[in-house]
Amino acid sequence: MQPIQRIAILTSGGDAPGMNAAVRAATRAALARGWQMHGVRNGYAGLMEGVFEPLQARDVGGIIQRGGTVLGSARAPEFATEAGRARALDNLRQRGIEALIVIGGNGSQSGANVLAHAGLPVVGIASTVDNDLAGTDVTIGVDTAVNITVDAIDRLRTTGTSHKRAFLVETMGRNCGYIALMAGIAGGAEVIVVPECEIEPHEVAERLRAAYQRGKTHAMVVVAEGARCGAKAIMQHVAEHRDTIGFALRVTTLGHVVRGGVPTAADRVLATRLGAAAVDQLARGMPNVLVGLRGNEIVATPLAKIAGKTKGIDQDLLALARVLAQ
Ligand code: F6P
């Protein structure tokens, strides 16, 4: 393999707090090796449209603490077509760009895998608030998302206690219950509802009733957006059985709030390590992998192994949360 001279970087899919720290680290690590770095605007959409800009060290200054992504992101369904991908590869070739770093979650890394199969050296960086990517224990953004959800739970508990009410908080995560589980544990939730272990509205109601009877002054239900037993079904059931449950129930849907704001220190450090590791993989001539974290070690997993795969949540933690809700 010829020594690398020029690479590109993009952020794709839903933005995640910490993406900017990864762009900064990868850019400066590449520049330190004497390579040129090009930022692609708006993910795969910009790759297909050919919207690139050279990145220097100063261009990525003052962004480590900023949420979102300075490169912009997009959902780009056209990239799933052969014609779209051919345009993207052509744009890279025309600019003499020899390798690509893709910061994103599941769909984005599947796209990276397709590019790798087409012969482009690619390294993926695990980044999504959902933390559902195989090949890593944690993804960039999830720590911030969990902390935002915990903050909401803490705030709702104060008003819940004042009014002796129950609150239901719905948080993001697509089909993964990780944010709900971790925030539910850290926030001391009475009930955690996740898609990986479905429960019925009457079971939620039963746990609220039991909490009321044990003399609790509030109760928190944390629901992952992907759970079949969602906010609407639970609200309806509780409204119909209000007199036997004790608590009144109010709903707060956090939605995109969990993706916004400044990244936590943990997300900035993770993103910095993964950004530098992605450049390292290219420098060692070992592309076509996803860089992630196992324990506290950076690991590289072939994109072909993780593409289209999701990981589950820790069922033991879910069981523990239930015991601690007593
Ligand atoms: O994948 C990240 C995520 O925030 C999911 O948790 C959520 O289901 C989805 O993206 C929302 O997508 P969009 O930002 O396109 O509305």
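No lab work stands behind these numbers, since they all come straight from the coordinates. This one's a predicted model, so the numbers in the text were calculated from it and none came from an experiment. A quick note on method: Cβ atoms are made from the backbone with ideal geometry, for glycine too, and the neighbour counts reach across all protein chains shown.
Which length gain, in nm to one decimal place, applies between Ala266 and Gln5 when the Cα-Cα distance is subtracted from 0.36 nm times their residue separation? Provide the component values of the computation, followed by the final result.
Values: separation 261, 0.36 × 261 = 93.96 nm, distance 3.14 nm.
Roughly 90.8 nm would be gained on extension.
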### Message
Using only DSSP helix segments of four residues or longer, with each worth -39500 (n - 2.57), what per-residue ellipticity at 222 nm results for the chain after dividing by its residue count and rounding to 500?
### Response
-13000 deg cm²/dmol
#### Entry: Relative contact order [Cα under 8 Å, 6+ residues apart], the range 143-260, whole percent
38
## Note on the structure
Percent relative contact order for the chain, counting Cα pairs under 8 Å at least six residues apart, stands at 23
### Message
Amide H of Leu55 versus every other amide H placed in the peptide plane: which residues, excluding those fewer than 5 positions away on the same chain, fall under 5 Å?
### Response
Met37, His38, Gly39
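What is the local net charge at Gly292, summed over the other residues whose Cβ is closer than 13 Å to its Cβ (Lys, Arg +1; Asp, Glu -1)?
Net charge around Gly292: +2.
By per-residue mean of other Cβ atoms within 10 Å, what is the highest-first order of 182-190, 126-134? Intermediate results must be reported in sequence, preceding the final value.
Numbers: 182-190: 23.2, 126-134: 27.9.
Descending mean neighbour count gives 126-134, 182-190.
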### Query
Counting other C-beta atoms within 10 Å, which of Ile140, Ile153 has the fewest, and how do the rest follow?
Ile153, Ile140
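For the range 130-248, which semi-axes, largest first and in whole Å, follow from the square roots of 5 times the eigenvalues of its Cα gyration tensor?
On the way: eigenvalues 132, 51, 19 Å².
Semi-axes, largest first: 26, 16, 10 Å.
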### Query
Once both axes come from the Cα atoms, what is the angle between helix 142-163 and the longest principal axis of the chain, in degrees from 0 to 90, rounded to 10?
20
### Query
Of Ile199, Val70, Val291, which is farthest on the positive side of the dipole of the chain, counting Cα position, with +1 on Lys and Arg Cβ, -1 on Asp and Glu Cβ, and the Cα centre as origin?
Val70
### Summary
Taking Val122, Val269 and counting other beta carbon atoms within 10 angstrom, the fewest-first order is Val269, Val122
### Message
Show me, for the range 104-109, the HN-Hα J-couplings you get by feeding each phi into the Karplus relation (A = 6.51, B = -1.76, C = 1.60, θ = phi - 60°), rounded to Hz, glycine and proline as x.
### Response
x, x, 4, x, 5, 6
### Message
At q = 0.08, 0.09, 0.15 Å⁻¹, what log₁₀ I(q)/I(0) does the chain have when each alpha carbon counts as one equal point scatterer in the Debye sum?
### Response
-0.41, -0.50, -1.05
### Message
Compute the helix-to-body angle for 19-32: its Cα long axis versus the longest principal axis of the chain, expressed 0 to 90° and rounded to tens.
### Response
20
### Task
With a bin width of 5 angstrom, please list the P(r) values of the range 1-110 as percents of all Cα-Cα pairs, from the 0 bin to the one holding the largest distance.
2, 13, 24, 25, 19, 12, 4, 0
### Query
How far is helix 82-94 tilted off the main Cα axis of the chain, in degrees rounded to 10, range 0 to 90?
50
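Would you mind ranking Val262, Val123 by Cβ crowding within 10 Å, fewest neighbours first? Numbers along the way, then the final one.
On the way: Val262 15, Val123 29.
Result, fewest neighbours first: Val262, Val123.
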### Task
Describe numerically, in nm with one decimal, the distance between label points set 7 Å from Cα along Cα→Cβ at Thr310 and at Asp137.
2.2
### Spatially near lysine pairs across the chain, Cα under 27 Å, sequence gap of 8 or more or different chains
4
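Highest first, please rank the peptides 246-259, 22-35 by the mean number of other Cβ atoms sitting within 10 Å of their residues. Mind dumping the intermediate values first?
Working: 246-259: 17.3, 22-35: 21.2.
Ranked by mean Cβ neighbours within 10 Å, highest first: 22-35, 246-259.
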